[in-house]
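A quick write-up on the structure given underneath.
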Amino acid sequence: MSARADPAELTAAALAGDRRAVARLISLVEDSSAALREVSALLAPHTGRARVIGLTGAPGVGKSTSTSALVRAYRARGQRVGVLAIDPSSPFTGGALLGDRVRMVEHTGDPDVFVRSLATRGNLGGLSWATPQALRVLDAAGFDVVLVETVGVGQAEVDVAALADTTLVLLAPGMGDGIQAAKAGIMEIADILVVNKADRPGADHTYRDLVGALRLAGPARWRPEVMRLDAVSGQGLPELLAAIDRHQSWLESEGALRAGRLRRASEEISQIALAGLRARLGDLDDGHRLAELAARVADGSLDPYSAADTLLSQLRTASPAGPTP
């Protein structure tokens, strides 16, 4: 493939399974390339087939090791697997600090496994802003399962639940995770709670804490299952896969899979529209009009709501396309 292949050529190559083309398309996403609109339009008819599984949890619970174990398990089923691993950003380059993904090295020679690190670049919520579009690339390229591993998160950083069909929240004994999970944030996003490092002392106690917390949570359409896992040895992995399959079957039978993907698409559209709106705000009179309104709000001669209405009115007037009928 030419080093200067155009977006249509890159997209066609990715759809045909060319891993280098897939990597280059994701680079276009990360770089906010001008070609991204064309690429997205070309990919759209081929998306919506991959099963998306999110893995999240605090640093040190074994997310990368568990992700690698799941890759092995799905490959044993004959499925193609993509991994989007979200890492903290380098303060110097903006790149992913853990981009080598040392725990994924065993899969590098497998042509049916694709691993990509995405830097958060300051984005909160445990994900990179590029994750939804990178997911679309892997989905269109024919990967059956896409695993999204978040950066280590706290209770408020739960964006992965909006992106994944099934969200695994990993916890570990000896870290107070049983107590933490009982708090609202993390508990509410889990479809499956996984006690990793289940061979360690305290694992049974953590498991019992989680089961007890779920009993107190009240009725729900889907009650999260609690699973034990030792990702290093693989103990508990078949049971975890069975739990993921049960959740997938429930999603399909209840119509929740479609509803979740509609919410994902709505959020994706909103984020793209907001990014476009911010860009237009910056372009309006080279940003001078916004600065003028901000000065009036700061000195009390104008309230912020009126200022926002004025700015939006000027955006509509400045729109080259005019109002949408």
Item to check | Computed lengthening from Ala76 to Asp18, 0.36 nm per intervening residue step minus Cα-Cα distance | outcome: 18.7 nm
Item to check | Amide H contacts under 5 Å for Gly57, placed H, 5+ residues apart | outcome: Val153, Leu170
Checklist entry - What Kirkwood radius, in Å to one decimal, follows from the Cα pairs of region 240-316? => result 15.9 Å
Checklist entry - Per residue, how much accessible area does region 211-292 have with a 1.4 Å probe, in Å²? => result 63 Å²
Checklist entry - Among 226-236, 53-63, what's the highest-first ranking by average C-beta atoms within 10 angstrom per residue? => result 53-63, 226-236
Checklist entry - So who's got an amide H within less than 5 Å of the one on Phe114, skipping anything under 5 residues away but keeping other chains? H placed 1.01 Å off N, in plane. => result Val81, Gly82, Val83
Item to check | Packing-based ranking, highest mean first, of 271-277, 196-202, 108-114 given that Cβ atoms within 10 Å are counted | outcome: 196-202, 108-114, 271-277
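The values are calculated or read from the model by the stated rules, or taken from the named source; none is laboratory data. These numbers come from a predicted model, not from an experiment. Because the Cβ atoms are built from the backbone with ideal geometry, glycine has one as well, and the counts that use them run over all protein chains shown. These accessible areas exclude ligands, DNA and RNA; they are computed on the full protein's heavy atoms, side chains included. Shrake-Rupley method; radii C 1.70, N 1.55, O 1.52, S 1.80 Å.
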